[in-house]
Amino acid sequence: GAGVSQSPSNKVTEKGKDVELRCDPISGHTALYWYRQSLGQGLEFLIYFQGNSAPDKSGLPSDRFSAERTGGSVSTLTIQRTQQEDSAVYLCASRRQGDNSPLHFGNGTRLTVT
Amino acid sequence: GENVEQHPSTLSVQEGDSAVIKCTYSDSASNYFPWYKQELGKGPQLIIDIRSNVGEKKDQRIAVTLNKTAKHFSLHITETQPEDSAVYFCAVSWGNYKLSFGAGTTVTVRA
């Protein structure tokens, strides 16, 4: 079946511009996560959604970062006034529910801020 | 939060040999331990997972062992092949939804 889909796969933007990254989770998955992966690094948790609500936003690096989820499905991560340190791969993942069911990742959006 | 340590950070093995990666964790209440494989330009892919009610799980050339008392678990890859070259991440569940990841192991299989 269809996996987690992210778009765009690559995004190059100028410093100071806003960007929106999109995630389409696996159908029926109520839990959705965003992670950030800097070059050669591990996975940094950003935010967790259960349905449309985000009970855990503790990983968002600054108030320039925000995310929403609508219809219990698609999620958008928005970065305002991008900085060079925002350059990374942004990964979205979903799972059937928020407990110990397998977590499935998309292929990420590689963001480059010039 | 959950502290997950993964060793080694890099591993080079001869094709056909075995590879072992070990992770330790701190929360004794954790009960779900997945392993992910990440190839260049792709997202992490789940390759095997284990729950705390079992001590070992095997899927073809891949196996995971869990020692809950010592709070560590390991990934074993036997008869390694070039396509096993990738970055491997362990992860540990904690709380109702959290999943903490190790820092990753870069595995290189030499032909």
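The numbers here are math on the coordinates, done by the rules we state, and not lab data. It should be emphasised that the depicted structure is a prediction, and the values quoted were computed from it without experimental measurement. Don't worry about glycine lacking a Cβ; one is built from the backbone with ideal geometry, like all the others, and counts go over all protein chains shown.
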**Asked** If you put +1 on each Lys and Arg Cβ and -1 on each Asp and Glu Cβ, how big is the dipole of segment A:4-114 around its Cα centre, in Debye rounded to 20?
**Response** 140
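Just order B:72-82, A:104-114 by mean Cβ neighbour count inside 10 Å, highest at the front, would you? Mind showing how you got there, number by number?
On the way: B:72-82: 17.5, A:104-114: 19.3.
Ranked by mean Cβ neighbours within 10 Å, highest first: A:104-114, B:72-82.
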**Asked** Which lysines does A:LYS11 reach when only Cα atoms under 22 Å apart count, and residues fewer than 8 places away in its own chain are ignored?
**Response** B:LYS42
**Request:** Among B:ILE47, B:VAL20, A:TRP34, flag the residue with its Cα farthest along the positive direction of the charge dipole of the protein assembly as shown, charges on Cβ as +1 for Lys/Arg and -1 for Asp/Glu.
**Result:** A:TRP34
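Let's see if you can work this out: charge +1 on each Lys and Arg Cβ, -1 on each Asp and Glu Cβ, no other charges. What is the dipole magnitude of the protein assembly as shown about its Cα centre, in debye to the nearest 20? Don't skip to the answer; put the middle values down first.
Numbers: 23 positive and 23 negative charges, 49 e Å.
That gives the protein assembly as shown a dipole magnitude of about 240 debye.
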**Asked** Summing +1 for each Lys or Arg and -1 for each Asp or Glu, what net charge is found among the other residues whose Cβ lies under 13 Å from the Cβ of A:ALA31?
**Response** +2
**Prompt:** In nanometres, what is the gap between the two model label sites at A:ASP99 and A:SER66, each 7 Å from Cα along Cα-to-Cβ?
**Reply:** 3.4
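List the pairs from B:LYS22/B:LYS57; B:LYS71/B:LYS98; A:LYS57/B:LYS22; B:LYS37/B:LYS98 whose alpha-carbon separation is above 26 Å, in the order I gave them.
On the way: B:LYS22/B:LYS57 15 Å; B:LYS71/B:LYS98 17 Å; A:LYS57/B:LYS22 30 Å; B:LYS37/B:LYS98 19 Å.
Violating the 26 Å Cα-Cα cut-off are A:LYS57/B:LYS22.
If the only charges are +1 at each Lys and Arg Cβ and -1 at each Asp and Glu Cβ, what is the size of the charge dipole of chain B around the Cα centre, to the nearest 20 debye? Intermediate results must be reported in sequence, preceding the final value.
Values: 11 positive and 12 negative charges, 56 e Å.
Its charge dipole is roughly 280 debye.
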**Request:** Send over the semi-axes of segment B:36-103's equivalent ellipsoid, whole angstrom and largest first, taken as the square roots of 5 times the C-alpha gyration tensor eigenvalues.
**Result:** 21, 17, 9
